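**Q** Below are the structure tokens for one structure; questions will follow.
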Amino acid sequence: MKDRVCYFSKDDLSVGHYLEMAEKRIQEVAEGDVPTDLEGVIELWHIKRMIDDECRFLEWTDEKFNTLKQLTSGYGKIISGFFCHLDPTLLKSEFERLEWTYKNTFWKIIDAYKLYKLIKPEILRDILAGNNNYVREVLECKGIVEKFKSIIREILLSNVNSAHIILDKYVTKRDLRRDAEMHLPSNLTLADKEQILVNYLQSDDPNLNYVRLITQIKDDKNNIKLSPKTRLLAERLEKKLNEDLLNDTRTVTTHWSLGVQFIDEEGRLPIELCIDERGNPTYIYSIPCIRNQNNVHRVGNCISLFGWMNQHFLLNLINKQTEVDTMESLLMDIGRDSYPTHIRFKNKNNLALFQTFAYNKVLTQTLNSSFEIELKTFYEKHLRTQYGYCGLPISLPSNDDSTLNKCRVLCPELDAVVKQYNTFVEEDEIDKDLIRLSKPLKVEEGKSLLINKYYEIADGNNEIRSVLWGFLGSGNSLLSHVEPFKDKHYHSLAELLEKENDVQYSNYANFQKPHLDFLIEQNIIGVNSDGNLYIVSQLQLNVLRSLWEYGVCSYWHYNDEGQKIIDKMFDKGWLVKDDHLLSKPERDYFSYYLDNGRFTNGMAYRNHYMHGSTPPVDDDNAHIAAYHTILRLFAILILKIEDDLWLASKTMERSVVIGEAQV
């Protein structure tokens, strides 16, 4: 809307623009220009919310802002008084004249002031029956939904596209900062919700993305539950629609491939990357380099050659939101109970699968070893020698075993190793009898020797999310888009300030400045005496980058200054501590592969190979992929244990040094 103030949230880029308009409008109302039309009154609602949410320009003094607050404090009476005098019979015509943004606000005002007498049931039915978007807007108003629940239930059941609402409510991932909660009528039963979805599946033109979401529904006895028959209907329809899409002559398909080679040739670099004319990569590894390595380095190749972890032993193979293309995120609907398997995630884990398969083959056929043997030696001997960690022997499958039996032997060892380590964490020793009598433990439940191993982003804290999006977000904040650097197409404000030393605060538009001001207030960036922006601390940027990319930072990998920065973020409520062996994104990664308790699209290898629900015995390709994936998880787990032991010993040594210095 060009001529009216619209307030969406403090994080929205339009805040600066509308704040200027709001300041002028507040002054006009103070001088007696009180609105007498519906749109003008709704605008007051937006202005009041903006000021109540502490939206302000940095140059405003506290006195000026408090004056604006005082001037808007009486807007509630103006708004409620105007709405009280609306003619209920004209509700539909008044509503339909509003711009789309103000239509949503219209219902919110009625709900906020409980003006339900304005709504005649037959008029509400008439409005909602014609537009599913209007239904969504009303569902954001809990009071209206309950007051008119019979009508709303009837409308939901009669429209096949109500399935979109059910899926958005229970399945689709939500942006908690932006997406308003929808409230379904209390008389809409579990059977009603399932019937709405069945009606959609049986409709003339179901959308493949929504059908996929139905297959990803996680049963919840209090909210939504599907019968096996409905699930089967959705799965078969998804398969059919997917095949129809691929067979459609209008569908454009792309092909991408990668290669992994181990070459027994002297003089080669440990790793080389070759890109062919189509842009497909081939990773080439030197067998002589591997031949000359000891056991520790051969296991360490998972990091140094394959890049599965970064220098802080944080897993690179997890799904990273920073690797998701904007178009992909818009086109690909993923349920909130599904692990997000975006293209980049699939590609790098396919590469890791090929690396594991080829590496194991090279170790077996050329170096008279195997990946399993190297991992067993590392766990049983290296960890004992280096850290005094006396792990129990690992059971390895026989080379003559079928791939299916290899999976059945190796998969339980993941949980067994974590159970050993967890016992060591709790008891400072590994007692075989205690382990035997203790309850089962999953990999995801294993603890660290360090009570604050990781610091992760606190749920519901918008400040840290605003910092990350504004400072490191690619194409989201637009703060990297400023003269005279627009043609350089920097991806983030952080990248811009790292590359350029003369980024003037004054060159930014007014709508951008509130976002800069926020980062300045948080001491992320500063403005020098020449008016140029600069990064306050490179170490702080490193911490933020870890949070942005991995969702966590590994506390004990930082020096004293870095730890103080993390402590300050914790004190602000930005971060929470975590004492698991694996970080939360890593636990999700393991859970995706090992079971379907957390994610509805999980590979469920633990279920398949430990609990009897095995894929067909003759599907050897599936078992080969599963085995080498389990082998990769095993390597990651053992390296995470070493990282934990190394950090704990380093921390202990540091404490001793500090204690001696104090004495």
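**Q** Can you report the number of residues in segment 230-262 which are among the β-branched types (V, I, T), touching a helix residue (DSSP H, G or I) at 6+ places or on another chain (Cβ under 8 Å) and within 21 Å of N350 (Cβ to Cβ)?
**A** Counting residues in segment 230-262 that are among the β-branched types (V, I, T), touching a helix residue (DSSP H, G or I) at 6+ places or on another chain (Cβ under 8 Å) and within 21 Å of N350 (Cβ to Cβ) gives 2.
**Q** Give me the pairs: first residue in segment 340-369 and closer than 20 Å to N601 by Cα and at pLDDT below 95, second residue of a type in the set (D, E, K, R) and surrounded by 15 or more Cβ atoms within 10 Å (Cβ to Cβ), beta-carbon distance under 6 Å, and six or more apart or on different chains, which are they?
**A** Here the result reads R344/E323, each pair linking segment 340-369 to a residue that is of a type in the set (D, E, K, R) and surrounded by 15 or more Cβ atoms within 10 Å (Cβ to Cβ).
**Q** Have a look at W107, W100 and point out the one that is without any contact (Cβ under 8 Å) to a residue 24 or more places away in the chain and either within 20 Å of H164 (Cβ to Cβ) or under 39 Å from the mean Cα position of the chain (by Cα) (or both).
**A** After applying the criteria, what remains is W100.
**Q** Within 29 Å of the chain's Cα centre (by Cα), among the aromatic types (F, W, Y) and assigned to a loop (DSSP other than H, G, I, E, B) - does that describe any residue in segment 204-216?
**A** Checked segment 204-216: no residue is within 29 Å of the chain's Cα centre (by Cα), among the aromatic types (F, W, Y) and assigned to a loop (DSSP other than H, G, I, E, B).
**Q** Test L478 against the criterion of being more than 21 Å from W60 (Cα to Cα), in contact (Cβ under 8 Å) with a residue 12 or more places away in the chain, open to solvent by 50 Å² or more (accessible area, probe 1.4 Å) and more than 18 Å from the chain's Cα centre (by Cα), and give yes or no.
**A** Yes: the conditions hold for L478.
**Q** Can you name every residue in segment 277-287 that is under 21 Å from F357 (Cβ atoms) and exposed (fewer than 14 other Cβ atoms within 10 Å of the Cβ)?
**A** Listed by number, the list holds a single entry, N280.
**Q** Of the numbered conditions (1) touching a Cys at 6+ places or on another chain (Cβ under 9 Å); (2) open to solvent by 60 Å² or more (accessible area, probe 1.4 Å), N368 satisfies every one except a single condition; which is it?
**A** Status for N368: all satisfied but (1).
**Q** Quick one: which of S438, S448, S466 is surrounded by fewer than 17 Cβ atoms within 10 Å (Cβ to Cβ) and of a type in the set (S, T, N, Q)?
**A** Going through S438, S448, S466 in turn, the sole match is S438.
**Q** Can you find, within segment 68-92, the residue that is most open to solvent (accessible area, probe 1.4 Å) among those that are assigned to a helix (DSSP H, G or I) and free of Cβ contacts under 8 Å to residues at least 12 places away in the same chain?
**A** So, considering only residues that are assigned to a helix (DSSP H, G or I) and free of Cβ contacts under 8 Å to residues at least 12 places away in the same chain, the one most open to solvent (accessible area, probe 1.4 Å) is K77.
**Q** Related question: Assuming C274 fulfils every condition listed in (1) closer than 17 Å to N360 by Cβ; (2) open to solvent by 20 Å² or more (accessible area, probe 1.4 Å); (3) in contact with a strand residue (DSSP E or B) (Cβ under 8 Å, 6 or more places away or on another chain) apart from one, which condition is it?
**A** Looking at each condition in turn, C274 falls short on (1).
**Q** Suppose we filter Y421, Y359, Y389 for residues that are outside any helix (DSSP H, G or I), in contact with a helix residue (DSSP H, G or I) (Cβ under 8 Å, 6 or more places away or on another chain) and open to solvent by less than 20 Å² (accessible area, probe 1.4 Å); which single one remains?
**A** Sole residue among the options that is outside any helix (DSSP H, G or I), in contact with a helix residue (DSSP H, G or I) (Cβ under 8 Å, 6 or more places away or on another chain) and open to solvent by less than 20 Å² (accessible area, probe 1.4 Å): Y389.
**Q** How do the pairs read when you match residues in segment 128-146 that are open to solvent by less than 40 Å² (accessible area, probe 1.4 Å) with residues anywhere that are acidic (D, E), using Cβ under 6 Å and keeping only pairs 6 or more apart or on different chains?
**A** C141/D111; G143/D111; I144/D111
**Q** Which condition does H491 not pass, out of (1) part of a helix (DSSP H, G or I); (2) open to solvent by 10 Å² or more (accessible area, probe 1.4 Å), if it passes all the others?
**A** Of everything listed in (1) part of a helix (DSSP H, G or I); (2) open to solvent by 10 Å² or more (accessible area, probe 1.4 Å), H491 misses just condition (1).
**Q** Would you please list the contacts, defined by Cβ atoms under 7 Å and residues six or more apart or on different chains, that run from a residue in segment 556-580 that is in a strand (DSSP E or B) to a residue that is open to solvent by 40 Å² or more (accessible area, probe 1.4 Å) and at pLDDT 95 or above?
**A** D578/K584; H580/K447
**Q** Condition test on E561, is it open to solvent by 50 Å² or more (accessible area, probe 1.4 Å), at pLDDT 95 or above, in contact with a helix residue (DSSP H, G or I) (Cβ under 7 Å, 6 or more places away or on another chain) and within 25 Å of I638 (Cα to Cα)?
**A** no
**Q** If you don't mind, another one. For segment 392-407, name all the residues that are open to solvent by less than 50 Å² (accessible area, probe 1.4 Å), over 15 Å from N295 (Cβ atoms) and either without any contact (Cβ under 8 Å) to a residue 12 or more places away in the chain or assigned to a loop (DSSP other than H, G, I, E, B) (or both).
**A** If the condition is that a residue be open to solvent by less than 50 Å² (accessible area, probe 1.4 Å), over 15 Å from N295 (Cβ atoms) and either without any contact (Cβ under 8 Å) to a residue 12 or more places away in the chain or assigned to a loop (DSSP other than H, G, I, E, B) (or both), then L392, P397 are the ones that fit.
The values are calculated or read from the model by the stated rules, or taken from the named source; none is laboratory data. Quick caveat, the model's predicted, so the values are computed rather than measured. Don't worry about glycine lacking a Cβ; one is built from the backbone with ideal geometry, like all the others, and counts go over all protein chains shown. Quick note on the areas: whole protein, heavy atoms, side chains included, nothing else; ligands and nucleic acids left out. Shrake-Rupley method; radii C 1.70, N 1.55, O 1.52, S 1.80 Å.
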